[in-house]
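Student: Got a structure here, written out as structure tokens. Questions coming.
Just so it is clear, none of the values below were taken in a lab; they were calculated from the coordinates. Since the structure is predicted, the reported quantities are computational estimates derived from the model, not experimental observations. Every residue, glycine among them, receives a Cβ derived from its backbone with ideal geometry; neighbour counts consider all protein chains shown.
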Amino acid sequence: MATNEKQRTWSSKSLASSFAHNIFYWAIRFGGRYIAYFMLLFVVAFYTVQPTIRKRSSEYRLRRFGQRSFLGELSDCFKLQMELGKMLVDRAVMGILGEFTMDATDQDKQTLTDLAAQGRGMVLVTGHVGCWQLGMSVLDLIDGPIAVVMYTDENDVDRHYYEHGDKQGPPFSIIDPRGPMGGTLEMMEIIKKGGVLCVMGDRNFGSPKGMVDVKFMGGTISVPISAYKIASTMNVPIAVTFSHRTGAGHGRIWISRVIDVPEELGRRTDNYQPYAQQFAQGLEEFVAKHPYQFFNFFNMWDHKNQ
Amino acid sequence: MSLKDTLKTTLVKELDLIDINPTEIDDDAPLFGDEGLGLDSLDAVEIVVLVQKFFKAEIKDAEEGKTALMSINTLAAFIESKQ
């Protein structure tokens, strides 16, 4: 999955400067979460009035909310940006003050526990929705090694929660998909140890060859098949998992579905399409429930952007 | 048939590399990337499994894999070291 930079137009890089981020971190340290939320109002308003920023989420908003008046469009865009901002504030609060709670229904907890108890390892496939970056923080509920496939743009000034203060680093290992052989050997190593591999299922980090088309919100998007291929080859289950922010400093994990990919599906990309489609279905169900917690701010339906 | 020849034939057959003749694969050519065999990262998953299945050689961790999966020569050397 050596990243094809020319074909990828989305970016994980923050819109704001390092200085702006530090102001927020300072505000959180000395004033707490709600000061930062208040500051967000002005920052988000500033971005919302910029047509280039609104355009990034326009295709999603059109598909999710339909044709809207100009004021309606501003409102939707503001809410989307605000939810993202609150999630980033919560992430910083967790890093600086250690305050965040993530829960799950008893049924979902049991599902995760049962999958882990099989001892085969598992793949968690998630998306850029809700509070996915904080969802990773509760993976330590599961015994065994945990690895997260994470792409970070160079010079990104935005800090993960475990990068604040004197934190000892994340409670999981990070696999860079730009590494040798796209990090697949590291992914396999985690599974062989009976661990948990967490992969984003909605964006391409690598070769366009490893993509498949799925139906999503009335159109077609391309999603990576790496998770399904690894699950098939190594005979491990997949848990499609999303998290959403339920309030200030609170989130909830949701196990959308468990996918058992048949063994030895081989090299043909199309063989993995039905399983990628199940993920897309889960993602669509998520945005139906939490329309303002979808953070793919690029036109996913335009395949040039994948 | 030598181990390297068997390896080439197995890779071509199991990875369904229809445009490649096993006899034309250079022993030192990189398996991955634009040069050499041109395999991608998802093929690495397949190779790890087929090396274990057909040659009884387990690639236990990523470091071992990175060394072994460079070329036919390195992969053959790895398999020999495990037998």
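Student: Along segment A:258-274, what does the Karplus equation 6.51 cos²θ - 1.76 cosθ + 1.60 (θ = phi - 60°) give for ³J(HN,Hα), rounded to whole Hz, x for Gly and Pro?
Tutor: So the J values, rounded to whole Hz, are 10, 10, 9, 7, x, 6, 6, 6, x, 8, 5, 4, 4, 4, 9, 4, x.
Student: Using θ = phi - 60° and the Karplus curve 6.51 cos²θ - 1.76 cosθ + 1.60, what whole-Hz ³J(HN,Hα) does each residue of segment A:86-97 get, with Gly and Pro shown as x?
Tutor: 5, 5, 5, 5, 4, 5, 5, 4, 4, x, 8, 10
Student: Where in segment A:222-265 does the label zone of A:T101 land, with the point 7 angstrom along Cα→C-beta and an amide N cut-off under 17 Å?
Tutor: A:244-254
Student: Between segment A:264-292 and segment B:1-52, how far is it from one alpha carbon centroid to the other, in angstrom?
Tutor: Their Cα centres are 30 Å away from one another.
Student: Moving on. So, with +1 on the Cβ of K and R and -1 on the Cβ of D and E, and no other charges, what is the size of the charge dipole of segment A:18-96 about its Cα centre, to the nearest 20 debye?
Tutor: Numbers: 12 positive and 5 negative charges, 30 e Å.
Computed charge dipole of segment A:18-96: roughly 140 debye.
Student: Given R₀ = 30 Å, FRET efficiency for A:D143-B:D61 by Cβ-Cβ distance, to 0.05? Before the final figure, lay out each step's value.
Tutor: Numbers: r = 20 Å, r/R0 = 0.66.
About 0.90, to the nearest 0.05.
Student: What residues have an amide H closer than 5 Å to that of A:R257, excluding those fewer than 5 places away on the same chain, when H is modeled at 1.01 Å from N in the peptide plane?
Tutor: Amide H neighbours of A:R257, under 5 Å, 5+ apart: A:V240.
Student: Distance between the C-alpha centers of segment A:85-136 and segment A:241-256? Whole Å please.
Tutor: Cα centres, segment A:85-136 to segment A:241-256: 7 Å.
Student: Something else now. Please tell me which of these pairs span more than 24 angstrom C-alpha to C-alpha: B:K13/B:K66; B:K8/B:K82; A:K192/B:K56; A:K193/A:K215; B:K8/B:K56; A:K209/A:K229?
Tutor: Numbers: B:K13/B:K66 22 Å; B:K8/B:K82 18 Å; A:K192/B:K56 16 Å; A:K193/A:K215 34 Å; B:K8/B:K56 16 Å; A:K209/A:K229 13 Å.
Going by Cα-Cα distance, A:K193/A:K215 fall outside the 24 Å limit.
Student: Only loop residues by DSSP count here, and only those with at most 15 other Cβ atoms within 10 Å; note down the GluC sites (Glu not before Pro) in segment A:261-306 that meet that.
Tutor: Values: sites: A:E263, A:E264, A:E284, A:E285; in loops: A:E263, A:E264.
Of the GluC sites (Glu not before Pro), the ones in loops of segment A:261-306 whose Cβ has at most 15 other Cβ atoms within 10 Å are A:E263, A:E264.
Student: Between A:D302 and A:S58, what is the spin-label point distance in nm, taking each point 7 Å from the Cα along the Cα→C-beta axis?
Tutor: 0.9
Student: Something else: For the residues A:V196, A:V287, A:V125, B:V51, what sequence is obtained by ranking on other C-beta atoms within 10 Å, fewest first? Write down the numbers at each step before the final one.
Tutor: Numbers: A:V196 26, A:V287 20, A:V125 30, B:V51 23.
In increasing order of surrounding Cβ atoms, one gets A:V287, B:V51, A:V196, A:V125.
Student: Can you compute 3J(HN,Hα) from phi for each residue in segment A:121-127, using the Karplus curve 6.51 cos²θ - 1.76 cosθ + 1.60 with θ = phi - 60°, rounded to whole Hz and x for Gly and Pro?
Tutor: With the stated coefficients, segment A:121-127 comes to x, 7, 10, 9, 10, 9, x Hz.
Student: Okay, next question. Non-local amide H neighbours of A:V148 (under 5 Å, H modeled in plane, Pro and chain starts lacking H): which ones?
Tutor: A:S173, A:I174, A:I175, A:C198
Student: May I pose another question? Could you pull out every residue, at least 5 positions away or on a different chain, whose amide H is within less than 5 Å of the one on B:S71? Hs are placed 1.01 Å off N in the peptide plane, and Pro or chain starts have none.
Tutor: B:L31
Student: Here's another thing I want to ask about it. Restricting to Cα pairs below 8 Å that are 6+ residues apart, what does the relative contact order work out to for segment B:3-82? Please round to a whole percent. Could the numbers behind the result be given before it?
Tutor: Details: 79 pairs, mean separation 24.1, N = 80.
For segment B:3-82, the relative contact order is 30 percent.
Student: Could you size up the charge dipole of the protein assembly as shown around its Cα centre, putting +1 on the beta carbon of Lys and Arg and -1 on that of Asp and Glu, and report it in debye to the nearest 20?
Tutor: Taking the Cα centre of the protein assembly as shown as origin, the dipole is about 1500 debye.
Student: Tell me the label-point distance for the pair A:F65, B:K82, using the 7 Å Cα-to-Cβ offset, in nm and rounded to one decimal.
Tutor: Here the answer is 5.4 nm between the modelled labels.
Student: Where does each of A:T113, A:T246, A:T52 land when they are ranked from fewest to most other beta-carbon atoms within 10 angstrom?
Tutor: Arranged by neighbour count, lowest to highest, A:T113, A:T246, A:T52 become A:T52, A:T113, A:T246.
Student: Something else about it: Can you compute the FRET efficiency between A:K109 and A:Y34 using 1/(1 + (r/R0)^6), with r the Cβ-Cβ distance and R0 = 30 Å? Round to the nearest 0.05.
Tutor: The calculated FRET efficiency here is 0.50.
Student: Return the FRET efficiency for the residue pair B:D5, A:E264: r is the Cβ-Cβ distance, R0 is 30 Å, and the value is rounded to the nearest 0.05. Provide the component values of the computation, followed by the final result.
Tutor: Values: r = 25 Å, r/R0 = 0.82.
It comes out at approximately 0.75.
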